[in-house]
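K.L.:
Sharing a structure below in structure tokens format, with a few things to ask.
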Amino acid sequence: MIRSSFFSKCGALQVLSYFIGTNCLANYCQQFMDLSGLKGLFPMFLSPPKFTKRLGMTEDSMEEYSISIIFSLLRNLKSEYRARITQKFVENNFVKIDRLMQLFTKYNDKINLVNAKIDVRLSELVKQSQSIDQEMDDQFYYDRLDGGLFTLQIIVCIIFELFSEQNLNISMQINNYLSQRQISTSYLETILEEYIQHYGENDHYQAVEDEKNRLCSLLKFI
């Protein structure tokens, strides 16, 4: 479906991001792989269609959909299925790693701007001798999510998933990119830790705790 026309691809990617990216079962992810879904997914990841008012979508939303699907596949799949995804990031001289890190830079820059605005607001509140209550603190976090933090967090999750594969070439490619831009791996850890902290914070299901523990285990691979 996402390999067909422009409008079908955009709509299909949105539907798949909700279906595969939300509490998806592993067998659905396997079916997606068995139906050659990666052949349609990664071209959209590398070069998403420009925004269209007719669809009510933006380039940012298309990027969010594609990376959400990729993360869900890595999270839910094992063995040869996961290896196939990892291989996609190796092929064609790591072009997909380069794209992933470009997206990291894009959304990191976006959230830095949001953080700067929040810092200004906090300074104003301090000058007015106003305290920061939990509701206000939560609102600042939601503002950051809307400003690109969620997409940045998912990108970082994918980076850690790839690190966990212990593929030396992939790790070197990512680390070289970070080094050239003077970005420390500890910064990535901070982003992942914040994601874990807020993951399913209003839910108390065992599956939520299991996923938080799984994400924590990724930190050792960086």
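The values are calculated or read from the model by the stated rules, or taken from the named source; none is laboratory data. Keep in mind that what you see is a predicted model, and the values were worked out from it rather than measured. Positions of Cβ are backbone-derived with ideal geometry, glycine not excepted, and every protein chain shown enters the neighbour counts.
K.L.:
Can you name every residue in the range 191-216 that is surrounded by fewer than 11 Cβ atoms within 10 Å (Cβ to Cβ) and assigned to a helix (DSSP H, G or I)?
P.N.:
Gln197, Gln206, Ala207, Asp210, Asn213, listed by residue number.
K.L.:
Where in the range 79-164 are there helices (runs of 4 or more DSSP H), lying wholly inside it, with at least 2 residues that are free of Cβ contacts under 8 Å to residues at least 12 places away in the same chain and not hydrophobic (A, V, I, L, M, F, W, C)?
P.N.:
79-127, 134-144
K.L.:
Quick test of your reading of the structure: Asp138 fulfils all but one of (1) more than 22 Å from Ile118 (Cα to Cα); (2) surrounded by fewer than 16 Cβ atoms within 10 Å (Cβ to Cβ). Name the failing condition by number.
P.N.:
Looking at each condition in turn, Asp138 falls short on (1).
K.L.:
Test Ile183 against the stated conditions and say whether it is modelled with pLDDT of 95 or more, surrounded by 13 or more Cβ atoms within 10 Å (Cβ to Cβ) and outside any helix (DSSP H, G or I).
P.N.:
Against the criterion (modelled with pLDDT of 95 or more, surrounded by 13 or more Cβ atoms within 10 Å (Cβ to Cβ) and outside any helix (DSSP H, G or I)), Ile183 qualifies.
K.L.:
I would also like to ask the following. Do we have Ser72 as touching a helix residue (DSSP H, G or I) at 6+ places or on another chain (Cβ under 9 Å), polar (S, T, N, Q) and within 28 Å of Ser184 (Cβ to Cβ) here?
P.N.:
Yes; evaluated as a whole, the condition is true for this residue.
K.L.:
Take the range 165-177 and flag every residue that is within 17 Å of Gln102 (Cα to Cα) and either surrounded by 22 or more Cβ atoms within 10 Å (Cβ to Cβ) or touching a residue at least 12 places away in the same chain (Cβ under 8 Å) (or both).
P.N.:
Once the filter is applied, which keeps residues that are within 17 Å of Gln102 (Cα to Cα) and either surrounded by 22 or more Cβ atoms within 10 Å (Cβ to Cβ) or touching a residue at least 12 places away in the same chain (Cβ under 8 Å) (or both), the range 165-177 yields Ile170, Gln173, Ile174, Tyr177.
K.L.:
Okay, moving on. Say we look at the range 55-78 and pick out the residues that are touching a residue at least 60 places away in the same chain (Cβ under 8 Å) and of a type in the set (Asp, Glu); which of these is farthest from Gln30 (Cα to Cα)?
P.N.:
Here the answer is Asp60.
K.L.:
Within the range 8-27, is even one residue touching a Leu at 6+ places or on another chain (Cβ under 9 Å), over 27 Å from Gln166 (Cα atoms), at pLDDT 90 or above and part of a helix (DSSP H, G or I)?
P.N.:
Within the range 8-27 (the criterion being touching a Leu at 6+ places or on another chain (Cβ under 9 Å), over 27 Å from Gln166 (Cα atoms), at pLDDT 90 or above and part of a helix (DSSP H, G or I)), the answer is no, since none of the residues qualifies.
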